[in-house]
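Structure record follows, encoded as structure tokens.
Only the coordinates and a few stated rules stand behind these numbers; no lab work does. Since this is a predicted model, take the numbers as computed values, not measurements. Positions of Cβ are backbone-derived with ideal geometry, glycine not excepted, and every protein chain shown enters the neighbour counts.
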Amino acid sequence: MTYAELNRLPERISIADYLCHRLRQLNVRTIFGLPGEFNMPLLDRIYATDGMRWAGNANELNSAYACDAYSRMKGLGCLVTTFGVGELSVLTGVAGSYAEHVGILHIIGMPPTSAQTKQLLLHHTLGNGDYNVFYRIGSDIACHAQILSDSEFCFQHVDNCVEMAWNEQKPVYLGIPVNRVHMMVNSSCLNRPLNLDTINFKSDTNAHDNVILSEEAEYKYDELIGMILKKIYASERPVIVVDAGVIRHQITKEAEDFIKLTKFPSFVTPMGKGSVNENVPNFDGVFTGSLSNPNVKELVDNSDCVLVLGCLLAEFSTSTFHFYYRTKNKNKILVFSKSVKIKNLTFPDMKVEIIMEKLLQKYDPSRTKRNFSHIDTINVPRQTLSNDHLLKQEWVWHEFSNWFKPGDVIVTEVGSSAFGIIQIKFPPRTQSISQPMWGSSGYSIGACLGVLFAIEEFKEEAGVTSNLSLPNGETINLKNLQDRRVILFVGDGAFQIAMQEISTMIRWDLTPYIFLLNNEGYSVDRFMNNKSNLSKFDVQPWKYLNIFKIFGALNYETRKIVTLGDLREMIADENFNVDDKIRLVEIILPSTDVPPALLEKWIRERTQSKVIKESPRFFDTPESSEFYEMEELTPRGSKHNSIISL
């Protein structure tokens, strides 16, 4: 039976119904956003479509963050806003999806075409009759932009937008005037399979499971694979680096298989963390450019063949660190989503999915018989500490590394938690959600909501089939999803930006673990700008543990963690490990303490410049480059010189 017949659709359906069914075919079942006058008729059709739900977010920006993370879990997310005020409110979130290659279909409910033609001065406009200004703004952070206007071909425009968002893994802007929502199309058009690139994709449609190449394309791929393998076979110190493109284009299984096959020293980037099993023998840690563990940096920098799979960015810089692959590497092979760069040569129109498939087919392990050295990059606290010690970042992350379990989804905020999580080796099937490139403060709370919805949908599917094909190509036993936890680490500064979305979690009876790192503001910024007036990084202290009461939660748990003993007791508590309620844990940390990765970089830079001394305004009593083992890192320029103020 066809899709239309299975769902008992009438011969003619509205374009809004058509859109909802196309999303449902891709297992996109939760739509994010806020209602507005110009999108309400569209929202009505979401409610009318079986298996679809409207999240109803607390604000637009958080809805964009939620949609972004939902897409990272499922391959595509959908966001609905209203014209002008709504679509402008999500720009930061949509721009983050554009920067980090996340597929989002952004649907905007627009004023009727008659009002636009007459340039009427309606609300939500700029008062100048220009109805295209927001479309122009949105187009700059979208791989494709479309406004539905043609009744005859509107279903094709919808299909094109959905395909572009999925295939390009970038946002797509789709404007629907309110009077176009009920345009009628043939439901039989839903029987046509979408043109999706991903080889491993499985859906409710007859989507393509394999890609058939032309003879000319086959020759080009074989020629390129031959060139790549020739450089690999000739190298003495090859390494593999896995970037986020492997996740976006759903080839994590292929990347992991290639790592196991080659036995090369292998790494992930911060955006690629969680993409491969970090317990394989030749996984050697996270490559973070200048913030890398020295042993990691040495292996990658001195390699004579660096193969980067799913490369998103070959180089970028922030105020905290710079990231690049050294030009002195003899052979640098960057496999992007749709191109490959080898030294100064660029090969366009080469899809990473096909390249990975062919590398696995053609690689000959007997051609690289060398034994490769591997390293242990897991940070272990330098001291064995008693339970009465006040907490520091280093000890917090070490203790949590023993608490994580297979299948966890760990969401981290930009800042100290993002740097802390990279020092931990994940258990198998653990996923990481973060935004290291765009780095928008407050991202993690909305993202946590998106992950929760995705996990809930995976669990619902567990009642229908025994196994689930994830968008990353991995097939897992759905019994494993029953205990899959969603864990959020967020600082108090970012929490104050986006905490409203916790209300949405409570509304939907979602049960995340929320660990709030209370360091009285923005600790990483304090650390990196220690010679300035540090009070600008402070935030107003809140009674964080009362937030559930304010939002009307009934089934919840809160804790305040001050000492190492508090943390160990919580982790050992069997009841705490049962994912049956929403939890908020406030972890009290020194205001300028940072994860070891940042601190060690600070020490290395000063060692290299032969200035092994502290900034006198930043540190209290250092006597050597190892002072941080014993001393609290507290700035004299801040009003928060002690955490003994609880």
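Between segment 43-80 and segment 267-294, the alpha-carbon centres lie 31 Å apart. In summary, the aspartates and glutamates within cross-link reach of residue 341, defined as a Cα separation below 19 angstrom excluding same-chain residues under 8 places away, comprise 168, 218, 222, 223, 243, 301, 304, 315, 349, 353, 357.
If R₀ is 25 angstrom, what is the calculated FRET efficiency for the pair residue 233 and residue 279, using the beta carbon separation as r and rounding to 0.05? It would help to have the intermediate numbers written out before the result.
Details: r = 28 Å, r/R0 = 1.10.
In this case the efficiency is close to 0.35.
Cross-link pairs exceeding 19 Å between alpha carbons, from the set 560/581; 170/362; 273/405; 74/253; 260/332: 170/362; 260/332. Taking other residues whose beta carbon is less than 15 angstrom from the beta carbon of residue 184, and scoring Lys, Arg as +1 and Asp, Glu as -1, yields -1. Here's the picture: charge each Lys and Arg Cβ at +1 and each Asp and Glu Cβ at -1 in segment 134-284, and of 184, 144, 242 the one pushed furthest to the positive end of that dipole is 242.
Highest-first packing order for the peptide set 450-462, 230-242, 147-159 is 450-462, 230-242, 147-159, based on the mean count of other beta carbon atoms within 10 Å. Taking square-rooted eigenvalues a ≥ b ≥ c of the alpha carbon gyration tensor, is segment 34-186 rounded, prolate or oblate, where a/c under 1.5 means rounded and, failing that, a/b exceeding b/c means prolate? In terms of gyration-tensor shape, rounded.
If the segment from residue 385 to residue 215 were pulled out straight at 0.36 nm per residue, it would be longer than the present Cα-Cα gap by 54.7 nm. A simple count of charges around residue 102, restricted to other residues whose Cβ falls under 13 Å of its Cβ and scoring Lys, Arg +1 and Asp, Glu -1, yields +1. Here the spin labels are modelled as points 7 Å beyond Cα on the Cα-Cβ line, and at residue 555 and residue 324 they lie 5.3 nm apart.
Length gained on full extension, residue 543 to residue 260: 97.0 nm, using 0.36 nm per residue less the C-alpha separation. Local charge for residue 130 was computed over the other residues whose Cβ lies under 14 Å away, with Lys and Arg +1 and Asp and Glu -1, and equals +2.
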